[in-house]
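Remarks on the structure that follows.
The values are calculated or read from the model by the stated rules, or taken from the named source; none is laboratory data. Here the structure is a predicted model, which means the values were calculated and not measured. Backbone-built Cβ (ideal geometry, glycine too); neighbour counts: all protein chains shown.
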């Protein structure tokens, strides 16, 4: 029995000598055949010779003079594209091979290879020999950007009253719009040199109007209720725009009586770009504006763009009183021409006065008492209109 055991041990020992057990995994071969192709201003393709025993590679590279490496992990095959390089710059690079999907076993780093990026002219989008350019809004457009150059800042403005009857309470409507590719609006202010807002009966959350906002060239449209947000003074209020569907406040603006007229600051929040795709906004203020006595009101819109452009437009609106005194020559609107009218003409002779009153007789109505008024009184003496 002892003899057989000794023979078996000798046989096993002989096998170990002939075919020793590999107790340490072999390292991968160091990558060879390093080469750089497809050189451009900002990119390159790094290549090496195929090794079928390699699972993946690790690439490191740096610009000459840098103190740290940049890496590309898990490169496969025989090449790796590198982006975001600097133009006209010398780089060095190396590759390391991994024989399995893990991080070992691996080869040592390869020898160092170098390449020089090109310095061809590039457009604002970074395309070599491209045709993109900076437009007047300082945006990169054309070429392969898919963007169109911006156009001049020419917003369209409309201002209207629901009635021009003197002394009446009127609805006041502002409408602004822009064509696609105009610079975006930064601020919008509307003023007048006559008329006032009547805030006397207002309370918080009272409905004072509505707004329709269209954005993205008509892609999105929102209707909002305009409600009193706060009463700042007897002559100034803050108005909030509340989405008619969600009930969420989407902005606010101020309205006030200022300098013999009104002042509305309808500036909207920014949208993080300086060019519009086309937009329009309608602000309707209901039952707040009181027309002055007969005159011409000059409404003015002052709109500034994100780029510093300014557009100022004036909209004159004539305020008149309905002719409730039909009798020619009547100076006090009692529908008969008599001594009272003659007295008013004499007492206000060559004076400026209210149109159609205080000696400015019906038929003249030029706001000045003169020979025209006296002639109308004489020619219509004792005439009356029921």
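Determine, yes or no, whether residue 303 is touching a strand residue (DSSP E or B) at 6+ places or on another chain (Cβ under 7 Å), crowded, with 21+ Cβ neighbours inside 10 Å, assigned by TED's automatic domain parsing to the domain that holds residue 274 and under 30 Å from residue 191 (Cβ atoms). When the stated conditions are applied, residue 303 passes them. The set of residues in segment 306-324 being within 18 Å of residue 188 (Cβ to Cβ) and in contact with a strand residue (DSSP E or B) (Cβ under 7 Å, 6 or more places away or on another chain) consists of 306, 307, 309, 310, 311, 312, 313, 314, 315. Note on segment 7-50: among residues that are part of a loop (DSSP other than H, G, I, E, B) and over 27 Å from residue 80 (Cα atoms), the one that is modelled with the lowest pLDDT is 23. Scanning segment 226-251 for residues that are more than 19 Å from residue 198 (Cα to Cα) and either in a strand (DSSP E or B) or not assigned by TED's automatic domain parsing to the domain that holds residue 308 (or both) yields 241, 242, 243, 249, 250, 251. When segment 213-225 is filtered for residues that are modelled with pLDDT of 95 or more and either outside the structural domain of residue 166 (by TED's automatic domain parsing) or surrounded by fewer than 19 Cβ atoms within 10 Å (Cβ to Cβ) (or both), the ones remaining, listed by number, are 223, 225. In segment 169-180 there is at least one residue that is part of a loop (DSSP other than H, G, I, E, B), touching a helix residue (DSSP H, G or I) at 6+ places or on another chain (Cβ under 7 Å) and in the same structural domain as residue 293 (by TED's automatic domain parsing). For residue 160, the conditions (1) part of a loop (DSSP other than H, G, I, E, B); (2) under 15 Å from residue 287 (Cα atoms) all hold with the exception of (1).
Examine segment 317-336 for a residue that is more than 60 Å from the chain's Cα centre (by Cα) and not assigned by TED's automatic domain parsing to the domain that holds residue 293, and state whether such a residue exists. Within segment 317-336, one or more residues are more than 60 Å from the chain's Cα centre (by Cα) and not assigned by TED's automatic domain parsing to the domain that holds residue 293.
Results for (1) at pLDDT 95 or above; (2) assigned to a loop (DSSP other than H, G, I, E, B), shown as yes or no for each residue.
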residue: 81; (1), (2): yes, no
residue: 87; (1), (2): no, yes
residue: 93; (1), (2): yes, no
residue: 97; (1), (2): yes, no
residue: 100; (1), (2): no, yes
residue: 104; (1), (2): no, yes
residue: 109; (1), (2): yes, yes
residue: 114; (1), (2): yes, no
residue: 118; (1), (2): no, yes
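Reported count of residues in segment 252-280, each being in contact with a helix residue (DSSP H, G or I) (Cβ under 9 Å, 6 or more places away or on another chain) and either assigned to a loop (DSSP other than H, G, I, E, B) or at pLDDT 95 or above (or both), is 3. Evaluation of residue 184 against the conditions (1) surrounded by 15 or more Cβ atoms within 10 Å (Cβ to Cβ); (2) free of Cβ contacts under 8 Å to residues at least 40 places away in the same chain shows that the sole unmet condition is (2). When residue 343 is tested against the conditions (1) part of a loop (DSSP other than H, G, I, E, B); (2) at pLDDT 85 or above, the lone failure is (1).
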